[in-house]
Amino acid sequence: MSNAVAVTFGDRVLGVMSWIMPIFVACSMFGALNSAIFAPSRLPLAGARNGHLPKALAFLNIDTFTPIPALTFLGLLSIAMLAVKDVYILITYLSYVEAIGWGSCVLGLLILRWKQPNAKRPIKVNLILPIIFLVTCVSLICASIFLNPAREILAATIIVVSGVPVYYIFIYPKEKPHWMNRISNGIDWYTSMIFKGVMVLDDDDDNTTKSNGQVKH
């Protein structure tokens, strides 16, 4: 019996064709990694556009129109995570923190549906779906707390909570110190030169020049 469920299933059900199961698993992982590379890079991009991350992460390459600075940032972050020897610790961090994040988002959705029932919503689903999703997230959080060592959960919690002082020190103030603006502008300039990047503004951005095919240099 293999530790991989799919391999054991293939051995017992497919017989002589069980060798095809690892190929299917590899293809599945290829597709999952492909989406994992492209989709998460849009998160730093959106965060930078909203001012929650350095503006440089919102730059798009002028040739490919892809967020290469955000992809590079995530790549360096991934390389740094490889320094952790035990991959199961990373899995614990990911499942616990991700469940908190998604659960908080869905909880906010339910609160808004309750407090603003008549608000305009491009997509509206039956409330039973977000409720089931929220229960699943809470179950994952509880499972992570009870099934993993306390130090791992404590470390993951500290990582999440550490974002609060960072937000109120560097993001929340409307007027940033001069030295902080100089560093930020320098990072933006070098990032723009290295990655041939410009910031493309959304059509609904009321604070800056709108971009129907235009870019802000």
| remark: Out of Phe65, Phe146, Phe24, a Gaussian network model of the chain with alpha-carbon springs under 10 Å gives the largest mean-square fluctuation to Phe24
| request: Set Lys and Arg Cβ to +1 and Asp and Glu Cβ to -1, take the dipole of the chain about its Cα centre, and tell me which of Leu147, Leu112, Pro22 lies farthest positive. | output: Leu112
| query | Whole-Hz Karplus ³J(HN,Hα) for region 104-120, in order, using 6.51 cos²θ - 1.76 cosθ + 1.60 and θ = phi - 60°, x for Gly and Pro? | reply | 5, 4, 5, 4, x, 4, 5, 5, 5, 5, 7, 7, 10, x, 9, 5, 6
| query | What 222 nm value per residue comes from the helices of the chain, counting each DSSP H run with n ≥ 4 as -39,500 (n - 2.57) and dividing by all residues, nearest 500 deg cm²/dmol? | reply | -20000 deg cm²/dmol
| query | For region 98-174, with only Lys/Arg (+1) and Asp/Glu (-1) charged at the beta-carbon, what is the dipole magnitude about the Cα centre, in debye rounded to 20? | reply | 480
| note | About its Cα centre, region 81-210 carries a charge dipole, from +1 on Lys and Arg Cβ atoms and -1 on Asp and Glu Cβ atoms, whose size in debye to the nearest 20 is 240
| task | Could you state the angle between the C-alpha long axis of helix 68-81 and the longest principal axis of the C-alpha atoms of the chain, as a value from 0 to 90 degrees rounded to the nearest 10? | result | 50
| field | Estimated vicinal HN-Hα couplings, Hz - region 149-160 in sequence order (Karplus 6.51, -1.76, 1.60; Gly, Pro = x) | value | x, 4, 5, 5, 5, 5, 5, 5, 5, 4, 4, 5
| request: Could you look at region 3-83 and say what percent of its accessible area is carbon and sulfur, using a 1.4 Å probe and all protein chains? | output: 76
| Probe 1.4 Å, protein heavy atoms only - accessible area per residue of region 136-187 in square angstrom | 78
| remark: Here region 47-58 yields Karplus 3J(HN,Hα) values (6.51, -1.76, 1.60; θ = phi - 60°; whole Hz; Gly and Pro given as x) of x, 5, 5, 8, x, 8, 9, x, 4, 4, 6, 8
| query | For the Cα atoms of the chain, what angle does the longest principal axis make with the long axis of helix 178-195, in degrees from 0 to 90, nearest 10? | reply | 60
| query | What accessible area per residue comes out for region 1-83, rounded to a whole number of Å², with a 1.4 Å probe? | reply | 68
| field | With DNA, RNA and ligands ignored, accessible area of Thr64 (1.4 Å probe; Å², nearest 10) | value | 80
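The values are calculated or read from the model by the stated rules, or taken from the named source; none is laboratory data. In this text the structure is predicted, and so the values were computed from the model without any measurement. Glycine also receives a Cβ, built like all others from the backbone with ideal geometry; neighbour counts cover every protein chain displayed. In case anyone asks, the SASA skips ligands and DNA or RNA and just uses the protein heavy atoms, side chains included. Shrake-Rupley method; radii C 1.70, N 1.55, O 1.52, S 1.80 Å.
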